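Student: Take this structure first; my questions come after.
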Amino acid sequence: MDGDSFSIKTADYRGSTSVSICDQELIGKTVTDGNLQVHISQEFFFGEIVGRNEALHLIKSCSIINLAGERAVSLAIENKMGAREAIREIEGVPFLMIYKFTR
């Protein structure tokens with residue numbers, strides 16, 4: 001895949017499906033902000049590599065979404081699945097968590 005590929009990992013969590021999506025090249029990177037350190041681990045973010053369309057489908061269909069990286073976060077924002085105000089940036093890497101509540 002090219003520069004438009006994402007690393008994803010899905011998991012079942014309490015009757016919902018959660019997905020973690022990051023820009024593929026971030027796997028294994030650690031970013032720090034003061035005492036906060038985030039490791040973008042293979043265990044959390046890697047299950048398979050997918051393209052933009054599949055990543056967007058997962059963002060739209062899953063209840064819990066963890067996103068890391070410029071492309072992954074932008075994909076959610078551009079498709080109105082998250083708010084810019086909710087983005088946390090650490091060492092230039094944007095992170096966004098989305099929880100969808102249904103009745």
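The values are calculated or read from the model by the stated rules, or taken from the named source; none is laboratory data. What you see is a predicted model; the values in this text were computed from it and never measured. Because the Cβ atoms are built from the backbone with ideal geometry, glycine has one as well, and the counts that use them run over all protein chains shown.
Yes or no, residue by residue, for (1) in contact with a Phe, Trp or Tyr (Cβ under 6 Å, 6 or more places away or on another chain); (2) modelled with pLDDT under 95; (3) over 17 Å from I98 (Cβ atoms); (4) among the hydrophobic types (A, V, I, L, M, F, W, C):
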residue: L36; (1), (2), (3), (4): no, yes, yes, yes
residue: V50; (1), (2), (3), (4): yes, no, yes, yes
residue: A55; (1), (2), (3), (4): yes, no, no, yes
residue: L58; (1), (2), (3), (4): no, no, no, yes
residue: S61; (1), (2), (3), (4): no, yes, no, no
residue: E70; (1), (2), (3), (4): no, no, no, no
residue: V73; (1), (2), (3), (4): no, no, no, yes
residue: K80; (1), (2), (3), (4): no, no, no, no
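Student: Scan region 50-95 for residues that are on the phi < 0 side of the Ramachandran plot and of a type in the set (K, R) and jot them down. Working first, answer last.
Tutor: Restricting attention to region 50-95, the residues satisfying the condition of being on the phi < 0 side of the Ramachandran plot are 50-68, 70-79, 81-90, 93-95.
Listed by number, the residues that qualify are R52, K60, R71, R84, R88.
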